[in-house]
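One structure below.
The values are calculated or read from the model by the stated rules, or taken from the named source; none is laboratory data. Since the model is a prediction, treat every value here as computed from it, not as a measurement. Cβ placement follows ideal geometry from the backbone for every residue including glycine, while neighbour counts extend to all protein chains displayed. Ligands, DNA and RNA are excluded from the accessible area calculation, which covers all protein heavy atoms including side chains. Shrake-Rupley method; radii C 1.70, N 1.55, O 1.52, S 1.80 Å.
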Amino acid sequence: MGKNRWFLPLASAIGFIFLYAPIISLVIFSFNANRLVTVWSGFSLQSYADLLKDPQLLPAAWLSLQIAAVAASIALVLGTLCAVALVRFRRFRGKTVLQATVSAPLVMPDVITGLALLLLFVAMQSLIGWPAGRGILTIVIAHATFCTAYVTVVVQSRLIDMDTSIEEAAMDLGATPVRVFFDITLPIIAPALISAWLLAFTLSLDDLVIASFVSGPGSSTLPMIIFSKVRLGVSPEVNALATIIIGVVALAVVIASFIGFTSSGRTRKA
């Protein structure tokens, strides 16, 4: 017991330092007055001023946010439909193929997925003329394709644990399956849907490999721009943009935690 008293806190501290020390150093050096991000020369907001004037980072960030939002929304609809089909319909023709198709992107390397989608888009363009070249549309389709698998897994796990007696009672009272789905099933699995959408949004926003294969001129996403910049050395503008993203994510986590604690407190009082 005496050894565990210092070992567990020490191991936890080392783990937190290993995870968050790079993030903290990035945030600190985003306020560096020196153009060399590894040499501290004093506090300055010049990096943030330069970020506002950067002709690549902000447009790429806005483009990535748009692509991630659209791709996550498409993946949410398709993934929810796949999850409902796999859970609610026990036996139907092609269920095994659908299960394998949904699970494949989870284990497939991003390089293989990106190359396969690139070849698909090239073949479709030569056969039917659509999509006309590679750009934002092909990135959205590619991201929605592999994000659908993650959405399906999240929603499927929630549907499996859901009590179906509520749906059966509603149908016994005369509700149609469609009304049962929208009035009962969707509200119950709403937390899973929100989690799945956020997961898909994050995966799309973070993707570099697949987007590099299916993008074209004028459709460079934020990870692609950052990767091209860091190959020549990390610039202060990249640190500033990363700090802003970290701040937004931290604020969202704090708000979500506050809402969760508030709702749990109300539930206990009730």
So, with points 7 Å from each Cα along the Cβ direction, the Arg179-Gln56 label distance in nm works out to 5.8
Here FRET efficiency (C-beta to C-beta, Phe18 to Asp110, R₀ 30 Å, nearest 0.05) is 0.75
Computed over region 62-118, protein heavy atoms only, probe 1.4 angstrom, the accessible area per residue in square angstrom equals 59
Within the set Leu199, Leu65, Leu232, GNM on the chain using Cα springs under 10 Å gives the largest fluctuation to Leu232
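Quick one: longest stretch of the chain between exposed loop trypsin sites (Lys or Arg not before Pro), exposed meaning at most 13 other C-beta atoms within 10 Å and loop per DSSP?
Values: sites that count: Arg35, Arg90, Arg91, Arg93, Arg231.
Between exposed loop sites, the widest span is 94-230.
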1/(1 + (r/R0)^6) with r = Cβ-Cβ of Ile245 and Phe89, R0 = 45 Å, i.e. FRET efficiency to nearest 0.05, evaluates to 0.65
Under the 7 Å Cα-to-Cβ spin-label approximation, Phe7 and Ser41 lie apart by a distance in nanometres of 4.9
note: region 168-211, Cα-Cα separations exceeding 18 Å make up a percent value of 51
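Kirkwood Rh, Cα Rg: Rg to Rh for the chain? Each step should come with its number before you reach the end.
Values: Rg = 23.2 Å, Rh = 22.1 Å.
Computed over Cα atoms, the ratio is 1.05.
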In a Gaussian network model of the chain with springs linking alpha carbons closer than 10 Å, the residue among Leu78, Leu208, Leu45 that fluctuates most is Leu45
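With only alpha-carbon atoms in the gyration tensor, what are the semi-axes of the equivalent ellipsoid for region 47-116, in Å, largest first?
Sorted largest first and rounded, they come to 38, 15, 7 Å.
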Tilt, helix 110-128 to longest principal axis of the chain (alpha-carbon atoms), in degrees rounded to tens, equals 70
Sorted by chain and number, the residues with a modelled amide H under 5 Å from that of Asn34, at a separation of 5 or more or across chains, are Ser41, Gly42
The answer for Gly216, listing residues at least 5 apart or on another chain whose modeled amide H is closer than 5 Å to its amide H, is Gly135
Helix 57-88: inclination vs the chain longest Cα principal axis, degrees, rounded to 10, gives 20
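For Ala252 and Asp172, compute 0.36 nm times the residue count separating them, minus their Cα-Cα distance, and round to one decimal in nm. Walk me through the intermediate numbers first.
Values: separation 80, 0.36 × 80 = 28.80 nm, distance 4.14 nm.
Result for the pair: 24.7 nm of gain on full extension.
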Subtracting the Cα-Cα distance of Ile160 and Ser73 from 0.36 nm times their residue separation yields 29.1 nm
Once normalised by the length of region 1-118, the mean sequence separation of its alpha carbon contacts under 8 Å that are 6 or more apart gives a contact order in percent of 9
Taking the alpha-carbon centre of each part, the distance from region 157-179 to region 38-90 in Å is 35
For the chain, longest principal axis from Cα atoms; helix 95-107 axis from its Cα atoms; angle between them, nearest 10 degrees, is 10
Over the Cα atoms of region 113-260 the radius of gyration and the largest Cα-Cα distance (Dmax), both in Å, equal 20.7, 67
So the carbon and sulfur contribution to the accessible area of region 7-91, 1.4 Å probe, in percent, is 76
